[in-house]
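Worksheet: one structure, shown below.
The values are calculated or read from the model by the stated rules, or taken from the named source; none is laboratory data. Note that this is a predicted model, so its numbers are computed, not measured. Accessible surface is based on the protein model in full, side chains and every heavy atom, while ligands, DNA and RNA are left aside. Shrake-Rupley method; radii C 1.70, N 1.55, O 1.52, S 1.80 Å.
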Amino acid sequence: QEKHVVRSPFHSVELPNESLPSIVFRRAAKWSHLDSIECGITGRKNTYGGVINRALRWGTVINKLLPPFVTLPGQRNIVYFSPNCPEFPVVFYGTQAVGATITCMNHTYTIAEVSRELNDCDASAMVADPKYEQILLSAFQNLKKTTSSFHHRPLGLRQHKPARGY
């Protein structure tokens, strides 16, 4: 046995040869007319088909904002800063579907904590609940960085003014 290698007592798992969004979209398409997510507070709902459609549209926005063949690797980093809501799978899977990286931040982070994480992930764009956008803007100001900002609204996203850190 190899030194410092721990073997699982369970059988090996076959890993799929496709991306997570591809798997989720393919499997979820069977139930496209059924509700996939619901906000327990507001009652807003989204169907599986709606999530897939909106995620692919969000991916198109990312590709226009940060073109994959023009932007250097590692420069398509999207920050998501919001409490749990029905827009999360749209942003999460849409970002991954186009090969960009998503960093999800806890909306209870302080400005200092957000600044450290933004510095570490080198964010290219941010998606935030409007209630928490000021925290992100303050964190970017601490870092003296500029990025594109998007508010998510019920079951949709809209571009906001560029967030300028200086």
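Note the full-extension length gain between Gln75 and Lys144 as 0.36 nm times their separation in residues minus their Cα-Cα distance, in nm to one decimal.
Numbers: separation 69, 0.36 × 69 = 24.84 nm, distance 1.71 nm.
Between Gln75 and Lys144, full extension yields 23.1 nm more.
Keeping all protein chains in place and using 1.4 angstrom, which order do Leu66, Leu20, Leu15 fall into by accessible surface area, from largest down? Spell out each step's value before the answer.
On the way: Leu66 25, Leu20 85, Leu15 140 Å².
So the residues, ranked largest to smallest area, are Leu15, Leu20, Leu66.
Enter the accessible area of Val5 (Å², nearest 10), with the probe set to 1.4 Å and all protein chains included.
For Val5, solvent-accessible area is about 50 Å².
Starting from the alpha-carbon convex hull of the range 26-130, give the projected area averaged over all orientations, in nm². Please report the intermediate quantities before stating the final value.
On the way: hull surface 29.4 nm².
Projected area, direction-averaged: 7.3 nm².
Using only the C-alpha atoms of the range 98-150, find the volume of their convex hull and express it per residue in Å³.
On the way: hull volume 4.1 nm³, N = 53.
Roughly 77 Å³ of hull volume per residue.
Once ligands and nucleic acids are excluded and a 1.4 Å probe is used, how much of Cys39 is accessible, expressed in Å² to the nearest 10?
20
From the protein chains alone at 1.4 Å, what is the descending order of accessible area for Asp120, Asp129, largest first?
Order by accessible area, largest first: Asp120, Asp129.
Multiplying the sequence separation of Lys64 and Glu14 by 0.36 nm and subtracting their Cα-Cα distance, what value in nm do you get? It would help to have the intermediate numbers written out before the result.
On the way: separation 50, 0.36 × 50 = 18.00 nm, distance 3.52 nm.
Full extension from Lys64 to Glu14 adds 14.5 nm.
At 1.4 Å probe size, put Trp58, Trp31 in order of accessible surface, largest to smallest. Provide the component values of the computation, followed by the final result.
Details: Trp58 10, Trp31 110 Å².
My answer, sorted largest first, is Trp31, Trp58.
Taking only protein heavy atoms and a 1.4 Å probe, what accessible area per residue, in Å², does the range 1-50 have with all protein chains in place? Could the numbers behind the result be given before it?
On the way: 4410 Å² over 50 residues.
On a per-residue basis, 88 Å².
Of all accessible surface on the range 1-144 at a 1.4 Å probe, what whole percent is carbon and sulfur?
Numbers: 4880 of 8990 Å².
Carbon with sulfur: 54 percent of the solvent-accessible area.
Under 20 Å between alpha carbons, and skipping anything fewer than 8 positions from Lys45 in its own chain: which aspartates and glutamates qualify?
Correct list for Lys45: Asp35, Glu87, Asp129.
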